[in-house]
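Beneath this line is the structure, given in structure tokens, with notes to follow.
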There are 4 protein chains.
Amino acid sequence: MAGNSFGQIFRLSSFGESHGKAIGGIVDGCPANINLDLDRIQAELDRRKPGQSAISTQRKETDKVEFLSGILDGKTLGTPIGFVLKNADQRSKDYSKIAQVYRPSHADYTYEKKYGIRDPRGGGRSSARETAVRVVAGAIAAQILEQKGVKIQSYVTQVGKVAVDKSYEELNLSLIDSNVVRCPDEAKAKEMETAILAARKDGDSLGGIIQCVIKNVPIGLGEPVFDRLNADLAKAMCSINAVKGFELGSGFAGTSMRGSEHNDAFVQEEGEIKTLSNHSGGIQGGISNGEDIHFKVGFKPVATIMKEQQTISKEEENVAFKAEGRHDPCVLPRAVPIVDAMAAMVILDHLLRDQASRL
Amino acid sequence: MAGNSFGQIFRLSSFGESHGKAIGGIVDGCPANINLDLDRIQAELDRRKPGQSAISTQRKETDKVEFLSGILDGKTLGTPIGFVLKNADQRSKDYSKIAQVYRPSHADYTYEKKYGIRDPRGGGRSSARETAVRVVAGAIAAQILEQKGVKIQSYVTQVGKVAVDKSYEELNLSLIDSNVVRCPDEAKAKEMETAILAARKDGDSLGGIIQCVIKNVPIGLGEPVFDRLNADLAKAMCSINAVKGFELGSGFAGTSMRGSEHNDAFVQEEGEIKTLSNHSGGIQGGISNGEDIHFKVGFKPVATIMKEQQTISKEEENVAFKAEGRHDPCVLPRAVPIVDAMAAMVILDHLLRDQASRL
Amino acid sequence: MAGNSFGQIFRLSSFGESHGKAIGGIVDGCPANINLDLDRIQAELDRRKPGQSAISTQRKETDKVEFLSGILDGKTLGTPIGFVLKNADQRSKDYSKIAQVYRPSHADYTYEKKYGIRDPRGGGRSSARETAVRVVAGAIAAQILEQKGVKIQSYVTQVGKVAVDKSYEELNLSLIDSNVVRCPDEAKAKEMETAILAARKDGDSLGGIIQCVIKNVPIGLGEPVFDRLNADLAKAMCSINAVKGFELGSGFAGTSMRGSEHNDAFVQEEGEIKTLSNHSGGIQGGISNGEDIHFKVGFKPVATIMKEQQTISKEEENVAFKAEGRHDPCVLPRAVPIVDAMAAMVILDHLLRDQASRL
Amino acid sequence: MAGNSFGQIFRLSSFGESHGKAIGGIVDGCPANINLDLDRIQAELDRRKPGQSAISTQRKETDKVEFLSGILDGKTLGTPIGFVLKNADQRSKDYSKIAQVYRPSHADYTYEKKYGIRDPRGGGRSSARETAVRVVAGAIAAQILEQKGVKIQSYVTQVGKVAVDKSYEELNLSLIDSNVVRCPDEAKAKEMETAILAARKDGDSLGGIIQCVIKNVPIGLGEPVFDRLNADLAKAMCSINAVKGFELGSGFAGTSMRGSEHNDAFVQEEGEIKTLSNHSGGIQGGISNGEDIHFKVGFKPVATIMKEQQTISKEEENVAFKAEGRHDPCVLPRAVPIVDAMAAMVILDHLLRDQASRL
């Protein structure tokens, strides 16, 4: 059973190699009769596309989404929404060099061993280019959630060793897109930008952490015991290229607290129930409790660097390898809309699943 | 779509409330004609059961598994394996007190709001008692994997603020069960035990971290782009009660490294391919690369504490609440076999999925 | 991917060999807070059980269902409903004879070849005994549907060459259980009974046809293009032991009509929309249209007969074989509640799926 | 959970309205490293396309498939195969007339009621145009099966009241495409053609029956108890537009036979096992037994006729309606490749599922 579909009810199926004719997908299970603003979907894609600023790759991909079905006069039909993004930059570049080696910490080796074949042009299916398809589906989900009052906001909270030291509640999240790093702490954003440029100058790369905050999630989403909301968020995030870790609410820091510090006391104020703290990250027993859902996603440094590295050839002989071309020294800024997208798909899918659990 | 099944091909479906008649499950998709040692399955359950030592709850649950189908004369039939564990400790205790409040950082509130009803007896479905079912299915999977040479070992690497400072490669993993904490670093194990007893004395609780190591996983397991092996491991772990975080290989620490430090160079030595480091945690591009798979799972401190806490009643009025009875001050030692079990199910499921991807 | 689960949202997972310790199942996705009358579930099982009358097998199976979870004080909890039926008649009978041959038109040969192993005791997993599990899950579904006004009624419309020549609308369906054949046409029921007794006397067996009628299905159930309501009904019915055919509405007879005869004209009468005929069988474009859903299910004659037959041994040598023991000469009367059950599961599953398709 | 995907391992997801920009699909789970002849896939589409002969619609659709991913230099990559078929005949025709009525025995009414919206242009998603997508996926599956020796052949065995009276074994199946009806009995094919032309002249339409024969299916395919091979074939066939019935092997005729006539005796001849008759249709206990799989699929007469019919308007008032334009008076000849395609997908999916059931 191959793994190119995501979600149970709101379900994305994805296809495409980075240098094939096109990438694209099908969203099945999108509720009918919903107004969709297609320009805003394109705008989300533009947040992910390469070449946005000096700190990202200078490759040009127009990343223009074309919808083929499922929408009539701006309204969803309840039928599958098919869409494609043509691969503009498909020129006959010379990929013979990467075809001959397994790049360190890339997927060349594992794809070759699993399938007995791989598309060596720019990473093929293992390229992060496929995440553009997720952004399209996620942007559809986000619009539907927005109509329900749910708001998803992600930002870069760490790049390399530069980390924001404020909680999301202390930041003005409307500033996320005010700088190229997508970090709402302007001073830290500057430091991050400097760090990224320094890494690029060294032919090196950086990783980092994205924080995601989801407000106004209805109480009751999540399907214990296995399909807890946090479990499905963890899977969603860990399915993104380069992600190495996920933590909800207090996360790993919470593991060294005592129960008396960590427990979130319930309190009723003027008829409204809330918790005094939110170490739970908005999810208890795998089910949303109405508080903000917040979690962190850790990305490793980009595997492609402009330094010579030791590796093996396709013939399995030891060789030296040095990457060429235009690459992101840090994917974090462009990964923000991908985290947004995956979060939106999980929340909407669970909202629809929850509807199916009641008569 | 409810969430009580796990896995695509090797698939566990689970049922049971903590104080109903029984808990149990069905394993469908278990390969036929496999010899199973049922005593070893029971032995894994015994690693999870309460009352094993002075540091765990003194509740007695016999946790005896009874197999009802799918196995004939010790061999699997290829048909579903049904099994039950009777709830021995089902006496008519008085649960009226917890029935009237929503305990802080428990699932009482979210279950009530989601379903409009809940079983208040000992947590019902949200109780960690359901994990006994996972241990049964996982122990079946582990035996099959073992016949393929795959070995899964988990241990406690942190309790509260006491953390092992050696990597798994520096430890003797055969010592995991040599102490009640299930930490193979004997000195740290002693410290952890002391910390747990101190927390209990205070009526408080601790969290911690479990490290899991999986050796000899065949190259090629994992189904990009969504069902990456790490994504499914993340989901599996985050579906366990009290888990707040998952990190693969270098994890969150890796996010502040540079690419040149983090990349795992491939090298061929006498015909064998390996990587010089293993920050990837044995998975690249979502697919196992033959190196050890290693990851960490973070658990929050136990929500049940013997101190008075603020909370709300079922009538949504502010009340004080103090738990009673026998509870674990720290679940980590008993969670080790659960992590083992979920890991085994994920690896076997992907091994079977991989088989289906080739002709 | 093994095949022992049925349904997407209201989902039954089933286990059990005919002569193992027990058969049973888990219903996941049952809506919460529904009142269930457990006696009526048992009553449905009693309609299926052996030994009800002179025309069925004289084997005694008590077929007593025991619920283990998911129900509290007669109300569903929204959690999985686990249940078992112990195999009472599990005595150490001598099965060495059937273990040594592949009975004609049974599943002995195909199970052995598929799995490399089989449980030879009374058919094992391939025995129709597993359908008792379906009846339990179906009876739960039927009660929920009943609360929505949906009514499912099946009856025997043909046994061997004796066929009812009236449509279901010309019959009084409240008479279905008034005779042992479960045919509401009393005269035909008598003829059928006579035919069954004659076949038994000859050591032979009969097949036949069951008609199912479902009234008051809400408009809009069914998920094109693949999960049409009729496609899922077809699968449900063809998954029952001995079923060889399914036809909706006009069925095969309709294939020789002209469009002008076959089309169901819509008409509005006093604000209510209906069709003047119902060749469509209540489903158009794969979606229920509010008319009665009606279909037929064809069963082959029972494979077990008391006559000598040619077959092969396990060593694949030609041998003669003659069955012994107590067997139904015709399964149709006992299959009625199985058809009811499968129909109920399909309709409820689609009702819940439909709920998930809307916001 | 919407229903636009088919198969568990070899899995087609489909999209597209008949008069949107394009229809298309994604095949996930196609084994890697398989040589595909893309021209033969197009050739199968050509068998389905309109305008092939005087007896089918004169609409022109080029139905040219374009592959976007998953194939490199004629070999499958193991990644999803995305493809599109542009809707050539998308001119701005006037659909206001059908937008205003619910055509009898069409899906207009049920789609409108289910989704609250529908694409009125030529049937939208409910149009049989979507079956072109199935033919593409099925032709891929058929090529893979062919490499395993499996051969699928379907033909028209009845049109209106004209029925072939020979079994498939008495016919020369290489003649299927030798006439426009796709009936290998030349004399009957002529009669059928005459009947179709007569129906067209009357502005009326015909239904009929397709017979499918599958040779050399490996023993052991099918996953009891629910995903029996015959159950999945039944679902596959009943998911095709206009299909009203499915019968395996002896089918409904077999229901009036006695067990002693119906049972298929096993016999061993020179080390090879076979059955003396094949009433089982090649499937026993839901699992293939190595004999030919054969079944029949019944199609209702086409709903679109050129005669005035009674129906209701969108405003739910009684109106008269008469269709216009170019339509097939009988879909059977063009449905042959669709039956082939669905059969191929089921068999390949089960072949891959079976692989996953063994270690």
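Table for the structure above
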{"quantity": "Subset of the range A:100-118 [more than 7 Å from chain B (Cβ to nearest Cβ), open to solvent by 10 Å² or more (accessible area, probe 1.4 Å) and not in a loop (DSSP other than H, G, I, E, B)]", "calculated": "A:VAL101, A:GLU112, A:TYR115"}
{"quantity": "Pair list, Cβ under 6 Å, 6 or more apart: the range D:329-349 residue at negative phi, other residue part of a helix (DSSP H, G or I) and among the acidic types (Asp, Glu)", "calculated": "D:PRO337/D:GLU44; D:VAL346/D:ASP232"}
{"quantity": "Only one of D:ARG182, D:ARG200 that is of a type in the set (Lys, Arg), at pLDDT 95 or above and assigned to a helix (DSSP H, G or I)", "calculated": "D:ARG200"}
{"quantity": "Conditions (1) within 30 Å of B:GLU112 (Cβ to Cβ); (2) more than 7 Å from every other protein chain (Cβ to nearest Cβ); number of the one not met by C:LEU72", "calculated": "(2)"}
{"quantity": "Total residues in the range B:46-62, condition more than 15 Å from B:VAL331 (Cβ to Cβ) and either surrounded by 19 or more Cβ atoms within 10 Å (Cβ to Cβ) or modelled with pLDDT of 85 or more (or both)", "calculated": "1"}
{"quantity": "Meets criteria (open to solvent by 10 Å² or more (accessible area, probe 1.4 Å) and more than 21 Å from C:LYS113 (Cα to Cα)) for D:ALA242", "calculated": "yes"}
{"quantity": "One residue from A:GLU191, A:GLU146, A:GLU169 being modelled with pLDDT of 95 or more and away from every other protein chain (no Cβ under 14 Å)", "calculated": "A:GLU169"}
{"quantity": "Test: residue in the range D:237-259 that is assigned to a loop (DSSP other than H, G, I, E, B), closer than 20 Å to C:TYR102 by Cβ and at pLDDT 95 or above", "calculated": "yes"}
{"quantity": "Any pair with Cβ under 6 angstrom, 6 or more apart, that starts in the range A:151-170 at a residue that is closer than 28 Å to B:GLY259 by Cβ and ends at one that is open to solvent by 50 Å² or more (accessible area, probe 1.4 Å) and not small (Gly, Ala, Ser)", "calculated": "A:VAL162/A:GLU191"}
{"quantity": "Selection count, the range A:203-227, where residues are part of a loop (DSSP other than H, G, I, E, B) and facing another protein chain (nearest Cβ under 10 Å)", "calculated": "11"}
{"quantity": "Some residue of the range B:304-312 being at pLDDT 95 or above, more than 10 Å from chain A (Cβ to nearest Cβ) and surrounded by 24 or more Cβ atoms within 10 Å (Cβ to Cβ)", "calculated": "no"}
{"quantity": "Enumeration of residues in the range C:171-187 that are open to solvent by less than 40 Å² (accessible area, probe 1.4 Å) and within 30 Å of D:HIS262 (Cα to Cα)", "calculated": "C:ILE176, C:ASN179, C:VAL181, C:ARG182, C:CYS183, C:PRO184, C:ASP185"}
{"quantity": "From the options D:GLY245, D:GLY298, D:GLY251, D:GLY259, residue that is under 24 Å from D:LYS161 (Cβ atoms), out of contact with any helix residue (DSSP H, G or I) (no Cβ under 7 Å at 6 or more places or on another chain) and facing chain C (nearest Cβ under 7 Å)", "calculated": "D:GLY251"}
{"quantity": "Residue match in the range C:15-22 (condition: aliphatic (A, V, I, L, M), open to solvent by less than 10 Å² (accessible area, probe 1.4 Å) and at pLDDT 95 or above)", "calculated": "yes"}
{"quantity": "Looking only at the range D:139-170, and only at residues there that are outside any loop (DSSP other than H, G, I, E, B) and closer than 16 Å to D:LEU352 by Cβ, the one that is most open to solvent (accessible area, probe 1.4 Å)", "calculated": "D:GLN147"}
{"quantity": "Enumeration of residues in the range D:262-272 that are more than 8 Å from chain C (Cβ to nearest Cβ) and either assigned to a strand (DSSP E or B) or within 27 Å of C:ALA242 (Cβ to Cβ) (or both)", "calculated": "D:GLU269, D:GLU272"}
{"quantity": "Output for the range B:318-327, where each listed residue is closer than 27 Å to B:ILE209 by Cα and open to solvent by less than 40 Å² (accessible area, probe 1.4 Å)", "calculated": "B:ALA323"}
{"quantity": "B:LEU72 modelled with pLDDT of 95 or more and surrounded by fewer than 20 Cβ atoms within 10 Å (Cβ to Cβ)", "calculated": "yes"}
{"quantity": "Cross-chain or 6+ apart pairs with Cβ under 6 Å, the range D:251-275 first and at negative phi, then acidic (Asp, Glu)", "calculated": "D:ARG258/C:ASP204; D:GLY259/C:ASP204; D:SER260/C:ASP204; D:GLN268/C:GLU316; D:THR275/D:ASP264; D:THR275/D:GLU291"}
{"quantity": "Sole exception among (1) over 21 Å from the mean Cα position of the chain (by Cα); (2) open to solvent by less than 10 Å² (accessible area, probe 1.4 Å) for C:GLU261, by number", "calculated": "(2)"}
{"quantity": "Residue pairs meeting the criteria (Cβ under 6 Å; at least 6 apart or on separate chains; first more than 10 Å from A:VAL162 (Cα to Cα), in the range A:184-201; second part of a helix (DSSP H, G or I))", "calculated": "A:PRO184/A:LEU173; A:PRO184/A:LEU175; A:PRO184/A:ILE176"}
{"quantity": "Positions within the range C:9-54 being within 14 Å of another protein chain (Cβ to nearest Cβ) and in a helix (DSSP H, G or I), in sequence order", "calculated": "C:LEU38"}
{"quantity": "B:VAL180 of a type in the set (A, V, I, L, M) and within 14 Å of chain A (Cβ to nearest Cβ)", "calculated": "no"}
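Residue-by-condition table, conditions (1) buried (at least 24 other Cβ atoms within 10 Å of the Cβ); (2) of a type outside the set (D, E, K, R); (3) more than 7 Å from chain B (Cβ to nearest Cβ):
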{"residue": "A:LEU233", "(1), (2), (3)": "yes, yes, yes"}
{"residue": "A:CYS238", "(1), (2), (3)": "yes, yes, no"}
{"residue": "A:THR255", "(1), (2), (3)": "yes, yes, no"}
{"residue": "A:SER277", "(1), (2), (3)": "no, yes, yes"}
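Yes/no matrix, rows are residues, columns are (1) part of a loop (DSSP other than H, G, I, E, B); (2) more than 30 Å from D:ILE209 (Cβ to Cβ):
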residue: C:LYS274; (1), (2): no, no
residue: C:MET306; (1), (2): yes, yes
residue: C:THR311; (1), (2): no, yes
residue: C:GLU316; (1), (2): yes, yes
residue: C:PRO329; (1), (2): yes, yes
residue: C:ALA335; (1), (2): no, no
residue: C:ASP340; (1), (2): no, no
residue: C:LEU359; (1), (2): yes, yes
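The values are calculated or read from the model by the stated rules, or taken from the named source; none is laboratory data. This is a predicted model, so every value here is computed, not measured. Here Cβ is always computed from backbone atoms with ideal geometry, including for glycine, and neighbour counts include all displayed protein chains. Note: areas computed on protein heavy atoms with side chains; ligands, DNA, RNA excluded. Shrake-Rupley method; radii C 1.70, N 1.55, O 1.52, S 1.80 Å.
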